[in-house]
Amino acid sequence: MNDMEKLRALLPHWIEHNQEHAGEFDAWAEKAIAAGHETAAHQMRHAAEAMHQATGALQAALAELGGAIALDHPIHTH
């Protein structure tokens with residue numbers, strides 16, 4: 001597998017991971033508001049929005065590369 005094939009397999013994983021984290025940030029921001037920490041919640045929502053923007057850039061990169069490809073074995077991402 002060449003590097004671009006590997007990248008086309010990795011990008012969907014990163015996109016999904018970012019979406020999960022952004023959702024977690026939003027959920028915890030709600031908890032921060034409930035506890036009276038509006039400023040912290042605002043910062044967490046700001047982080048979630050930045051994650052959404054990063055996800056959009058990763059999606060654009062994946063489209064530019066021709067879309068996702070499936071692998072017959074997992075790739076270690078960490």
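Checking Ala70 against (1) touching a residue at least 60 places away in the same chain (Cβ under 8 Å); (2) surrounded by fewer than 16 Cβ atoms within 10 Å (Cβ to Cβ); (3) small (Gly, Ala, Ser); (4) part of a helix (DSSP H, G or I): exactly one of these is not met. Which one?
All conditions are met except number (4).
From the list Ala32, Ala40, Ala47, exactly one residue is among the small types (Gly, Ala, Ser), surrounded by fewer than 17 Cβ atoms within 10 Å (Cβ to Cβ) and over 26 Å from Ala61 (Cα atoms). Which is it? Explain how you work it out, then say what you get.
Numbers: Ala32 fails: surrounded by fewer than 17 Cβ atoms within 10 Å (Cβ to Cβ); Ala47 fails: over 26 Å from Ala61 (Cα atoms).
Exactly one of Ala32, Ala40, Ala47 is among the small types (Gly, Ala, Ser), surrounded by fewer than 17 Cβ atoms within 10 Å (Cβ to Cβ) and over 26 Å from Ala61 (Cα atoms), namely Ala40.
Return yes or no: is Ala57 of a type outside the set (Asp, Glu), exposed (fewer than 15 other Cβ atoms within 10 Å of the Cβ) and out of contact with any helix residue (DSSP H, G or I) (no Cβ under 7 Å at 6 or more places or on another chain)?
The answer is yes for Ala57.
Yes or no, residue by residue, for (1) of a type in the set (Phe, Trp, Tyr); (2) modelled with pLDDT of 95 or more; (3) farther than 24 Å from His13 by Cα:
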site	(1), (2), (3)
Glu30	no, yes, yes
Leu62	no, yes, no
Leu71	no, no, no
Thr77	no, no, no
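Is there any pair with a first residue in the range 12-33 that is on the phi < 0 side of the Ramachandran plot and a second that is modelled with pLDDT under 95 whose Cβ atoms are under 7 Å apart and which are 6 or more apart or on different chains, and what are they?
Taking only residues 6 or more apart or on different chains, the pairs are His13/Thr77.
The values are calculated or read from the model by the stated rules, or taken from the named source; none is laboratory data. The structure presented is a predicted model; accordingly, all values stated were derived computationally and were not measured. Neighbour counts run over all protein chains shown; Cβ positions are idealised from the backbone, glycine included.
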